[in-house]
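These notes are about the structure you will find just below.
The values are calculated or read from the model by the stated rules, or taken from the named source; none is laboratory data. Because the structure is predicted, anything quoted here is derived from the model rather than measured. Positions of Cβ are backbone-derived with ideal geometry, glycine not excepted, and every protein chain shown enters the neighbour counts. Note: areas computed on protein heavy atoms with side chains; ligands, DNA, RNA excluded. Shrake-Rupley method; radii C 1.70, N 1.55, O 1.52, S 1.80 Å.
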Protein chains: 2
Amino acid sequence: MTKLDLVYQDLKQKIDTGVYATDTLLPSENALASLYGASRDTIRKALAKLRDQGFIQSQKGRGSVVINRQQYVFPVSGVISYKELSQRLNFKTTTTMIENTQMPLPIANFKAVDPHAKPCTTTRLVRLREVNGEPVIIDIDYINGDVVPAISKAVAEDSLYAYFEGQLHLTIAYAKKEITVEPATAQDQQLLHLDANASVVVVKSVTSLEDTTAFQYTESRHRADRFRFQEFARRA
Amino acid sequence: MTKLDLVYQDLKQKIDTGVYATDTLLPSENALASLYGASRDTIRKALAKLRDQGFIQSQKGRGSVVINRQQYVFPVSGVISYKELSQRLNFKTTTTMIENTQMPLPIANFKAVDPHAKPCTTTRLVRLREVNGEPVIIDIDYINGDVVPAISKAVAEDSLYAYFEGQLHLTIAYAKKEITVEPATAQDQQLLHLDANASVVVVKSVTSLEDTTAFQYTESRHRADRFRFQEFARRA
DNA sequence: CAGTGGTCTAGACCACCAC
DNA sequence: TGGTGGTCTAGACCACTGG
């Protein structure tokens, strides 16, 4: 844990628990520097992170205002696993593996989100996500066989990310995502209990490692009436 | 223009035009510092910005790799106006004002995106966006009357953001957005030429100024079959 | 006016990568 | 081993806010 992250985590926690309340000012940068025994620059980096995440807004000559008790609803935003998400939200979720096969990457299917995808063999994983006993999402994953050899049912039904990071020590760096709305396929209708003319929200993503290897291609098909996505963005 | 932004813009432009090609390394931070006559720290801040935007990925001991020729499709991500967007994409677009009235802010309608919205009088603007003669989006704006007095038809059909920033000198700081899918209303069906059982993608947003005043509430209703949203995200 | 955040600098030490 | 990015520091000057 770096000093920057210690300051960031502590401030974030104090904002979350109301020690620093919404619409009030944080201590000044110099005050925080003394408090944490850090240089002003390190404090500023922690504040920049809070700013990017939408916790504070800084104003010249005044200070940094707490603006937002962060609330997660469905952050397609951010690179986060389904397991991490459901834990944070206290959902009662189950994951059922429907398919686990080896096949070449269907490049054309991910053209929009990664125009330069290269051929490779993959593990194809199809999983059904249920929340409170209701089927909500079908996740279709293609995992690069050069990076990850094979995946057990136990891992697939628990958490891929925990396996990748904890066991294989892969460093996940970034992802590109795309959201569209499409007519439900026969499989969507069957697994998600949908009518013939229903739509699903499709989230396609490519996740890459620190060395820029694209190693996971995912197509996530959501019941449209259960889909919700929130984000925070800054101007310029 | 700060030195940081000069470096950022120049590097970004060189990446866009291929001077620094995808999958190649940028000059080292020390080299860039000499090149631009800036300190290493300033260079690092510019690189951090490029990293956040998905242009480069840095690797300890190796350098910073160009990973992505940025491509805009429909950035709900980012605080950007429809006019800025259509210019960037070279769309042929028209905007038609349908309604321009004064009314109290419909707080309940924006509860999900701003739970603490306060009562205020607003200008309600309803505008239809067409791309290549095809109606694609209905924008319903509520603009805080305490911040912006009234809005002319000419401004509404050109660009609100250009007016807010250029004429009124407001500093737009950040926005919260939410995406959901809803059944098309009668107005949706009529204006967007949709069937009775069609769905629309609804993007609700609250935009705030530097002093944290929420001044614009927008409900953007998109034809589902024309909607596409892409984003870049980093882990942790 | 004093205090705040915004920008910029020069230098230090570390962990990591490639040769 | 030399060069790279990652972290941290101490200090400077500026523009802005508030009383």
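For segment A:177-202 and segment B:191-230, compute the distance between their C-alpha centroids and round to whole Å.
That distance is 21 Å.
For segment A:78-236, just the Cα atoms, rotate onto the principal axes and tell me the three extents in Å, largest first.
44, 41, 34
Distances from B:ASP211 to the same residue in each other copy, label points 7 Å out along Cα→Cβ, in nm, shortest first?
Distances to the matching label points in the other copies: 5.4 nm.
Give me a comma-separated list of calculated 3J(HN,Hα) values for segment A:39-44, in order, Karplus coefficients 6.51, -1.76, 1.60 applied at θ = phi - 60°, integers in Hz, x for any Gly or Pro.
6, 4, 4, 5, 4, 4
Taking 50 Å² as the minimum loss, tell me which residues in segment B:216-236 lose that much accessible area going from the chain by itself to the full protein complex (1.4 Å probe).
Those are B:PHE229, B:GLN230, B:GLU231, B:ALA233, B:ARG235, which lose 50 Å² or more relative to the chain on its own.
Work out from phi, with θ = phi - 60° and the Karplus expression 6.51 cos²θ - 1.76 cosθ + 1.60, the ³J(HN,Hα) of each residue of segment B:154-171, listed in order in whole Hz, and give x for Gly and Pro.
4, 5, 4, 8, 9, 8, 5, 5, 4, 5, 4, 7, x, 8, 8, 6, 7, 9
Expressed as cubic angstrom per residue, what is the convex hull volume of the alpha carbon set of the protein assembly as shown?
In the protein assembly as shown, the Cα hull volume divided by residue count equals 166 Å³.
What does the average come to when, for each residue of peptide B:175-188, you count the partner chain Cβ atoms lying within 10 Å of its Cβ?
Counting Cβ atoms of other protein chains within 10 Å of each residue's Cβ and averaging gives 4.
Counting only helical runs of four or more DSSP H residues, what would the 222 nm mean residue ellipticity of the protein assembly as shown come to if each run contributes -39,500 (n - 2.57) and the total is spread over all its residues?
Calculated mean residue ellipticity at 222 nm is -6500 deg cm²/dmol.
When chain B is treated as a GNM, springs tying every alpha-carbon pair under 10 Å, which of B:TYR82, B:TYR163, B:TYR142 comes out with the largest mean-square fluctuation?
Comparing B:TYR82, B:TYR163, B:TYR142 in the GNM, the peak value goes to B:TYR163.
Cα centroid distance between segment B:110-132 and segment A:1-46, in Å?
Answer, in whole Å: 34.
May I ask you to report, in nm to one decimal and beginning with the shortest, the distances from B:GLU99 to the same position in the other copies, taking label points 7 Å along Cα-to-Cβ?
Nearest first, the other copies' label points are 4.6 nm away.
Only four residue types carry charge here, +1 at the Cβ of Lys and Arg and -1 at the Cβ of Asp and Glu. Report the dipole size of segment B:82-226 about the Cα centre in Debye, rounded to the nearest 20.
Value, rounded to 20: 80 debye.
Kindly give the distances from B:ASN30 to its copy-mates, label point to label point, with each label point 7 Å from Cα along Cα→Cβ, as nm values to one decimal ordered shortest first.
3.5
Which cross-chain or sequence-distant (5 or more) residues have an amide H under 5 Å from the amide H of A:THR213, H modelled 1.01 Å from N in plane?
Close amide H contacts, sequence-distant or interchain: none at all.
Determine the shielding of peptide B:108-117 by partner chains: average, over its residues, the number of Cβ atoms on other chains within 10 angstrom of each Cβ.
So the per-residue partner count for this stretch is 1.
How much accessible area per residue does segment A:34-151 have, in Å², with a 1.4 Å probe?
Result: 49 Å² of accessible area for each residue.
Within segment B:165-185, find all residues whose amide N lies under 15 Å from a label point positioned 7 Å from the Cα of A:ALA112 along Cα-to-beta-carbon.
Backbone N within reach: none found.
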